[in-house]
Amino acid sequence: MMTKFLDNFWDSEFNSTNGFEVLCKRMKDGREMCKALENLLKERAKAEDTFGRSLQRMAKNASGKEEIGGLRKSWDELLVQTEAMGNSHIQLSMRMMEEAKKIEDFREAQKEKRKKPEENTKKAQAVKKEWYNKVTQAKKTFEGRKRELDIADENYMKQRLVQAPKEVDKLVQKKEKCLASVEQAEAQYHAWVKTLEDARSDWESQMEETCIVLQAMEEERIKFLRNSMWVQTNMLSLHCVEDDQHCEESRKILEQCSEENDIKLFVAQKRTGGSRPAPIEVETPWSNSKSAMSNGKAMPSPTSDAHRRRDPHTALPSIPSNTPNPLINGGRRSLPRQPDNEHLQSLQHALRSSDPLYAAVETPPPSQSTQASKFVRARYDYKAQGQSELSLSVGQILRVLNTDDTNWWLVDYDGKQGHIPTQYVELCNETSEITMI
């Protein structure tokens, strides 16, 4: 059974208004609570609107337009969903403002509803208090007149035997006058007590009515605010679901994003080529090469010195003895050992016969045919050991650029320059005539 205001807000003191004041304060606090929830919704709505518009502005002004492929699609979808989230926040703001307006209307309606019973109760309290004061005064008057009558009666009893009849008559008249005053005061006192009781009864009835009305209003207020907060909670919950749906749309596109496909697309759209620039080699001027000749012998060139400083390989790497050579013995031939002095001398002699540099020292000016470029053919496969070397494949034809180093020659193949080991090649002419080194 629900507890009632009607049974719990009274006071034994006749003029006490404590119970009524407690109820009025509760109504006032309830009104403040309505105002607090109303303000909360308005402030939250304002924040949601500001945040939503910020999201829309961010999505509109976002950069990243140069991205491509799946990541670009993911980025575009993220911006679309961000803008949609912003619109969702703005819609949430509008719904919150509508709910705040409902609370404001309810608060004003309750104010009008409790105004009349409160005013009637206050009037009844004022009437009751007024008659209480009159009854108190009438009681004092009656008691005073009663004391005067008692004094007059006492004087009469004392003086009637000793005083003259004339004086006794005066005492009798005074006694009768006091008795009349007492009767009048008593009548007024009784009448006002009855009026006071009527006022008290009216006040009590009004107080009962007020308790009933205020309790009904309080129950309505609690129910309304609880429902309003429930609605607000549902709004936020639904908004979270909407946000998650927007995020899910972004996740669907993100699942299609592949780094491999994006890189492939970028290369297909923006590739500039696959050929790297050739390394810059130290070149010896022609004049310095001629001045380097002494007594008919070639002096070491800066190119070979620079190569020795740049390349740590001073000896050829080991080669398996069973490496095939299709040129001799049906495709099989043993690899040569490190070149001895005779092999190197024969190599230099073979070069002098065709190199203009050597010919300028030992022979008359070469003919047009001797100035032709020198070529070598790869006898074995060789894998480059550094950036300054070239790899060889059996049968490969290469143009000789520099032979200052007897172990390593500078050659050109298909526009690429690098050093090769002389053990792995043999001289040939442009018509592929082979001369074994």
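Annotations for the structure displayed:
- Count of segment 22-64 residues which are surrounded by fewer than 15 Cβ atoms within 10 Å (Cβ to Cβ) and touching a Phe, Trp or Tyr at 6+ places or on another chain (Cβ under 9 Å): 3
- The residue that is nearest to the chain's Cα centre (by Cα), counting only those in segment 192-241 that are under 30 Å from Lys140 (Cα atoms) and basic (Lys, Arg), is Arg200.
- Which listed residue is part of a helix (DSSP H, G or I), under 20 Å from Asn227 (Cα atoms) and in contact (Cβ under 8 Å) with a residue 12 or more places away in the chain, from Glu43, Glu32, Glu99, Glu77: Glu99
- The number of residues in segment 263-280 being exposed (fewer than 13 other Cβ atoms within 10 Å of the Cβ) and part of a helix (DSSP H, G or I) comes to 6.
- If you filter segment 86-120 down to residues that are under 28 Å from Glu218 (Cα atoms) and small (Gly, Ala, Ser), you find that the one that is surrounded by the most Cβ atoms within 10 Å (Cβ to Cβ) is Ala100.
- Met229 being modelled with pLDDT under 90, surrounded by 10 or more Cβ atoms within 10 Å (Cβ to Cβ) and among the aliphatic types (A, V, I, L, M): no
- On inspection, Met58 fails the criterion of being aliphatic (A, V, I, L, M) and within 30 Å of Phe224 (Cα to Cα).
- Single unsatisfied condition, Leu71 versus (1) at pLDDT 95 or above; (2) farther than 17 Å from Asp243 by Cα: (1)
- Filter result (assigned to a helix (DSSP H, G or I), farther than 23 Å from Lys25 by Cα and among the small types (Gly, Ala, Ser)) within segment 214-262: Ser237, Ser250
- Residue match in segment 160-180 (condition: closer than 30 Å to Lys128 by Cα and in a helix (DSSP H, G or I)): yes
- Only one of the numbered conditions (1) within 18 Å of the chain's Cα centre (by Cα); (2) modelled with pLDDT under 95 is violated by Asp49, and that is (2).
Residue-by-condition table, conditions (1) crowded, with 17+ Cβ neighbours inside 10 Å; (2) touching a Ser or Thr at 6+ places or on another chain (Cβ under 6 Å):
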position	(1), (2)
Leu78	yes, yes
Ala84	yes, no
Gln137	no, no
Lys140	no, no
Gly144	no, no
Asn155	no, no
Glu167	no, no
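The values are calculated or read from the model by the stated rules, or taken from the named source; none is laboratory data. Keep in mind that this is a model prediction, so the values were computed, not measured. Virtual Cβ from ideal backbone geometry, glycine too; neighbours counted across all protein chains shown.
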